[in-house]
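The values are calculated or read from the model by the stated rules, or taken from the named source; none is laboratory data. Just so it is clear, the structure is predicted and the values come from calculations on it, not from any experiment. Cβ coordinates were reconstructed from backbone atoms using ideal geometry, including for glycine residues, and neighbour counts include every protein chain displayed.
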Amino acid sequence: MKPVITERVAKFWELSITSLVFQKSWLEDSGFPAYSLLIQGNSTGILEKLVYPKELEKEFDNFEDWLHTFNLFRGKAGDDDDQNMADEDRIIGKFKGSLCMYKVPVSDEMQREMGFDSNMGMFQNIPTNDPINVVVRVYIIRATDLHPADINGKADPYIAIKLGKSDIKDKENYLSKQLNPIFGKSFDIEATFPMDSTLTVSVYDWDLVGTDDLIGETKLDLENRYYSKHRAICGLPSKYAVHGYNVWRDPLKPTQILAKLCKEGKLDGPHYGPGGRVKVANRIFMGPTEIEDENAFPVGRLGLKKQTDEHLALTALKHWEDIPRVGCKLIPEHVETRPLLNPDKPGIEQGRIEMWVDMFPKDMPAPGPAIDIAPRKPKKFELRVIIWNTDEVILEDDDIFTGEKSSDIFVRGWLKGQQEDKQDTDVHYHSLTGEGLFNWRFIYPFDYLQAEEKIVISKKESMFAWDETEYKIPARLNLQVWDADHFSADDFLGAIELDLNRFPRGAKTAKQCSINMVLNEQDIPMVSIFKQRRIKGWWPFLARDENDEFELTGKVEAELQLMTAEEAEKNPVGEGRNEPEPLEKPNRPDTAFLWFLMPFKAIKNLICNQYFWLTVKLVVALLLVLILGLFIYSMPGYMGGMWIDRRV
């Protein structure tokens, strides 16, 4: 199994440190392509960590290079009662040791080559079994794909660690409603080998009522790691640094480690020579011989250089597997991925946890402070959007008096994930050309994780929720153009969504603004508001037609300005056109009484276009009423005249 770096893990590290570079490289010493995670600290030096997708034991043969573990079973072979029991139920303990069969006497050549001690036989350089006190530092990065523990399909996970008599439960720092929680925690525990050898890392689900539920756990045999020839006590960094974020953490310096390994392996060396060379046995390694002098590092100036052999020694250690007879791969700085299992659900993985462990003997100098891997807190920003104008907005309404096509235009905007904070401009009534004048300011405060390029929102899922749930949403600004209606729902005309980290540069004029700015982004220069901080230009509004294809429905001239919360507090502005820093009221053409200024045109439109047949019907009805009235008016006189004529 080859160690790989995944982008998912790299993104976590971006939360934890000053800066990161995530790049693809070729690891020459391992002979395979992998992703390198480069972590740059506050000062100098770059720390490279490999991420193993499995437990570290599977990469290094369970660290049983000399110390093996054998299960002790209840009963004896052939006992019928015991044979009916499962093997796991029969285990009553474990035996640690090593068995080796070899021919005696050992040849003189082997004795000379190995520095053979006849009293120890084939078990040379076996460490003493006296109790050893160590400080175990456990780094918990994150858990992934946890099994849901609550009825809402989520979990409220927290970390619990047990080693010997030490039992730590980080219950107060549980993470609400998370199946992929980022913990970013480190724990220091004192232990004594061989008594306290099994480290148990558990993930529990926090419950408000009742006992917390175990989601899963993983167990590490620290004793095997401690005594392994692979030096699993503290991974080898890619570079040696004496200050800054990447300061050397191992109690022994590279030169001390190399000298110790050469002594234990009965090797000639190390011999440091001129020109940045070190010889170990029959191998020569080359490397830099200068390092910044931490005692002569004035503020604001480059540090002075001093000679050191630590880089050379570290180069030899990174290639220790090339040393004949005693060489093996020494563990680099790493992150291991371990499965979480639940005893009540044997064989079913309940998630995975990413972590690493450092061990420091207490009879050596005390280790420095733990690496701060806490997730970086989101930074507060304020986005100010000024809607200056619109142009070529499609016209939805027909004027009842003049018959002109028009729209009552207003613009709506919000940040994705914050729909409840929608903001609208005022309405530009009766626009006959699609032009709208606004001079209107939107203000959107938000929390932002620059490393993940996500907006962080914390809110309760419902009124009955106990805790707020944290959401991470892409930083996107939505702008829409609408036609306002008084007696019915407003009509949607078009929209544009701008990814604040990468969106097309606005056109300088409305004429240069086109639908291709959105549909052909690869041909348009892209900008980021987090880099440029202030951008002004024209962007198109789009909507889908009856053929489900995009069409241009308008254009908007907007200005985007990004400020930190501190900058915004020092330079406050008002929403809309309010104080402070009010925007000038636009000089809109007065079209509200256009029918009054052109009465004959309005009458012609009403009669000939809008209500032609209604007018015809009204005229016919009026004629009929008039005829009927005349008939009724003249009928009494006519009837009276006829009656007089008959009498005469």
I need every pair where a residue in the range 266-279 that is under 14 Å from P324 (Cα atoms) has its Cβ under 6 Å from the Cβ of a residue that is in a strand (DSSP E or B) and among the charged types (D, E, K, R), sequence separation at least 6 or different chains.
G269/K279
L267 being surrounded by fewer than 19 Cβ atoms within 10 Å (Cβ to Cβ), modelled with pLDDT under 95 and part of a loop (DSSP other than H, G, I, E, B):
no
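Looking at the range 510-579, what helices (runs of 4 or more DSSP H) fall wholly within it and have at least 1 residues that are in contact with a helix residue (DSSP H, G or I) (Cβ under 8 Å, 6 or more places away or on another chain) and within 17 Å of E392 (Cβ to Cβ)?
Numbers: elements: 516-519, 529-532, 565-570.
Helices (runs of 4 or more DSSP H) meeting the threshold: 516-519.
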Checking T128 against (1) free of Cβ contacts under 8 Å to residues at least 12 places away in the same chain; (2) farther than 30 Å from Y102 by Cα; (3) not charged (D, E, K, R), only one condition comes out false. Which one?
(2)
Taking the range 526-566 and keeping residues under 22 Å from Q450 (Cβ atoms) and without any contact (Cβ under 8 Å) to a residue 24 or more places away in the chain leaves K531, Q532, E566
Residue count, the range 207-234 (criterion: under 17 Å from T144 (Cα atoms) and either crowded, with 22+ Cβ neighbours inside 10 Å or of a type in the set (A, V, I, L, M, F, W, C) (or both))
3
Mind checking which residues of the range 365-391 are of a type outside the set (G, A, S), under 20 Å from F187 (Cβ atoms) and surrounded by fewer than 15 Cβ atoms within 10 Å (Cβ to Cβ)?
P369, D372
Of all strands (runs of 3 or more DSSP E) completely enclosed by the range 31-100, which ones contain at least 1 residues that are at pLDDT below 75?
32-40, 46-52
